[in-house]
Amino acid sequence: MHWRDGLAWLTWPLVMASSVAMAVWGFARGYEAGLWLFVISVVNFMLVVLLEHLLPRRRDVSLLKDRQSLNDIGHGVLVAGAARPLAGAVTVAFLAWWTEAGLAFENPAWPVAWSLPLQIVLVLLITSFLGYWRHRVHHTWGFLWSYHALHHSPQQLHVLKGNRLHFGEELLRFVLIPLPLLVLGAPAEAILWMTLWSNFSGGLAHSNVDQRFPNWFHAVVPTVHVHSIHHAQDMEHQTSNLSPTICLWDHLFGTFLHPKSHPVERLGIEGDPVPAGFFSQLAQPFVDNYRSLRGAP
């Protein structure tokens, strides 16, 4: 076996374990969570970029040659610098109103007596369930698909595509997903760990890094092979493999497709409706939905 093949079996555990270890190390030393999260995310991103160069899954794919890479960076900056902070502010305002209105639980409905690892598992189950259905309705409702189409339009996947998201979609996601947990009284620490894990695994699932797994692992975690099926042009494939962090809900709701029996030929959207320009991409969902409300073709 060539050394590259052997290394491909280690890429996923290497990136995930090193990123988690870095998080544990920093939090144990009392580093400010928001700043340390940013540092870890940058290091994680650079590691994946390096692996894409050293161990590409497809040699014809490169973020340096992709004409949409600058747009991807722009969308990522808007997501991280505008959508998520705004969503956080909306969430804080809602929780303040919730408390002042006397709707907050006198005793936390969350099992605060559980150990932190068990609470993180519970957060994983709840957020993955909410994330599954949020993702599913984005593929079902035309109003929401107009935002989500931006993420599905690329015909190639690399690390920048993970944050190729319309800021409107990300704003909605960052309000809806953590809010029920915070209302129930879930600790911010457990939510933070779930956010970290989701960011790390999501980056790898969109990357052009050669990753190898045993067949059973694809049925548990949305690997790059599993997620590539979701990004295929075939409509049956696009409405499958919707779970964000674990494949449990795809199995339960009949939307799981295994990469062994569902090879992917082409990625993207057939007849790609997403414009090439950055500002046109931002405006498109608003224009399309406005025209739809007016009954325009």
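Worth pointing out:
- From the list GLY30, GLY6, the one residue that fits, being at positive phi and either of a type outside the set (Phe, Trp, Tyr) or in contact with a His (Cβ under 7 Å, 6 or more places away or on another chain) (or both), is GLY30.
- Taken over region 131-157, the criterion of being surrounded by fewer than 19 Cβ atoms within 10 Å (Cβ to Cβ), of a type in the set (S, T, N, Q) and in a helix (DSSP H, G or I) is satisfied by THR140 alone.
- Qualifying residue in region 158-178 (condition: under 14 Å from the mean Cα position of the chain (by Cα), assigned to a helix (DSSP H, G or I) and of a type in the set (Phe, Trp, Tyr)): yes
- Meets criteria (assigned to a loop (DSSP other than H, G, I, E, B), of a type in the set (A, V, I, L, M, F, W, C) and either under 29 Å from LEU172 (Cα atoms) or touching a Gly at 6+ places or on another chain (Cβ under 9 Å) (or both)) for LEU63: yes
- Pairs where the first residue, in region 118-145, is farther than 21 Å from LEU192 by Cα and the second is of a type in the set (A, V, I, L, M) and outside any helix (DSSP H, G or I), C-beta under 8 Å, 6+ apart: ARG136/LEU242; HIS139/LEU242
- Restricting region 207-221 to residues that are in a loop (DSSP other than H, G, I, E, B) and of a type in the set (S, T, N, Q) leaves a set whose member that is farthest from ASP60 (Cα to Cα) is GLN211.
- Candidate set: region 15-42, residues that are among the aliphatic types (A, V, I, L, M) and loosely packed, with under 13 Cβ neighbours inside 10 Å; chosen: the one nearest to SER207 (Cα to Cα): VAL42
- Residue check for SER128: assigned to a helix (DSSP H, G or I) and within 21 Å of GLU270 (Cβ to Cβ): no
- When region 276-297 is limited to residues that are in contact with a helix residue (DSSP H, G or I) (Cβ under 6 Å, 6 or more places away or on another chain) and not polar (S, T, N, Q), the one that is farthest from HIS218 (Cα to Cα) turns out to be ASP288.
- Filter result for GLY277 (modelled with pLDDT of 95 or more, of a type in the set (Gly, Ala, Ser) and in contact with a strand residue (DSSP E or B) (Cβ under 9 Å, 6 or more places away or on another chain)): no
- Filter pass, LEU47 being under 30 Å from GLY6 (Cα atoms) and either among the aliphatic types (A, V, I, L, M) or surrounded by 13 or more Cβ atoms within 10 Å (Cβ to Cβ) (or both): yes
- Test: residue in region 192-206 that is of a type outside the set (A, V, I, L, M, F, W, C), more than 24 Å from PHE27 (Cβ to Cβ) and outside any helix (DSSP H, G or I): yes
- Condition met for VAL183 (out of contact with any His (no Cβ under 6 Å at 6 or more places or on another chain), closer than 21 Å to ILE120 by Cβ and outside any helix (DSSP H, G or I)): no
The values are calculated or read from the model by the stated rules, or taken from the named source; none is laboratory data. Note that the structure is predicted; figures quoted are calculated from it, not measured. All Cβ positions, even for glycine, are placed from backbone atoms using ideal geometry, and neighbour counts span all protein chains on display.
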